[in-house]
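Take a look at the structure below.
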């Protein structure tokens, strides 16, 4: 059984378009704040958004993943899950907002920073409602609805933020723009769900809601632990350094976003397929996972090389502020997570699709403990570079923990078969860039990419045994049914 690239690619493109627009919007907001206000306000926004995405986990309560898995299996449950999930997230969002307010008081942030964080927290309920709606869209494999809503709203968000910053130079105005966008997204997605899926044809069931909350508890534990783990470095920097250091760390990690978005979108698009294949055995699931890893690795390696060779140039072009060049040493370290995240993105979906979410929970708990143990001392003594090292070590531990149980589940993974072609092609790219170190610009990067693509194509043809066999194999892959 092969992966249906047409269908998967279409769904992945829908999710990628939405996520890319969301992340691109965040990036443009960061850039606008950096240019109009400065590194301190950049750090305030980064801290506020980090805490928002940490506490939204409690608001969503693990329901999105559960809804995707359960509704994928029985679409007749759509209305029942929607109505009861809506009631759950209303309650959980209020609890999450209260917890956020308590955390801000406990951390004793400066008054202006605290106000920005709490104001943004008002968007937790609409965010949770959107998560429920998008979970149902994904379960029905109607991912096209997601960018249909998110793309125009995010475009409007950037435009409004630009006007606000141009007129008032106020970070508070940007926060109000973000809140309006969250409310608009939730409202439109809710309207689509009610109109297109007859999701209103169900009633609230307390017993079903309690069962749903219990079933989603493991996913809540996973998402909560991941959120805490992901926010630790920024929280440590905010207390051990300053908002400026937070801004520099955010500037470095933002450059990872494009490829990480591809990983996430592709993994989400194949998750429903994995859930169906897991019911009939692991042979098809293994093949899908190996194909997905190879495809993402083909993208990851040139991405790492590009950041190592062109990172400083990218920072200067994107941020246009010399202070952000201080983020380059951290970027050189952080870039390596792009490789480990390939395996984590795919193998994590395998564990959930095969009902091994408790293994995923154990993994993220260990990851968080590792980050706690090494993060605080590294950041205390080495600052920004310490945060980068902590992130890479934690991601490597995370990758190993995913690889070992899935390899046992599949009775081994053909790792050498997966990695050799992109590794050899990447080596050709490195050789060219090493010989042309004096030129770092668009033309050099394009030539290096073409060398990588050509080397990869030649290796793929040789591996298939010839041009004819290559065409037959990949035409079959494109036309296969998932």
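Would you check if residue 338 is assigned to a helix (DSSP H, G or I), surrounded by fewer than 21 Cβ atoms within 10 Å (Cβ to Cβ) and in the same structural domain as residue 393 (by TED's automatic domain parsing)?
On the way: assigned to a helix (DSSP H, G or I): yes; surrounded by fewer than 21 Cβ atoms within 10 Å (Cβ to Cβ): no; in the same structural domain as residue 393 (by TED's automatic domain parsing): yes.
So residue 338 fails the test.
In the list 366, 406, 392, which residue meets the criterion of being over 21 Å from residue 239 (Cβ atoms) and surrounded by 21 or more Cβ atoms within 10 Å (Cβ to Cβ)?
406
Does region 76-97 contain at least one residue that is closer than 16 Å to residue 272 by Cα and either in contact with a helix residue (DSSP H, G or I) (Cβ under 7 Å, 6 or more places away or on another chain) or crowded, with 22+ Cβ neighbours inside 10 Å (or both)?
yes
I need a count of the residues in region 188-215 that are assigned to a helix (DSSP H, G or I) and either over 28 Å from the mean Cα position of the chain (by Cα) or more than 19 Å from residue 75 (Cβ to Cβ) (or both).
11
The values are calculated or read from the model by the stated rules, or taken from the named source; none is laboratory data. Everything numeric in this text was worked out from a predicted model, so none of it was measured. All Cβ positions, even for glycine, are placed from backbone atoms using ideal geometry, and neighbour counts span all protein chains on display.
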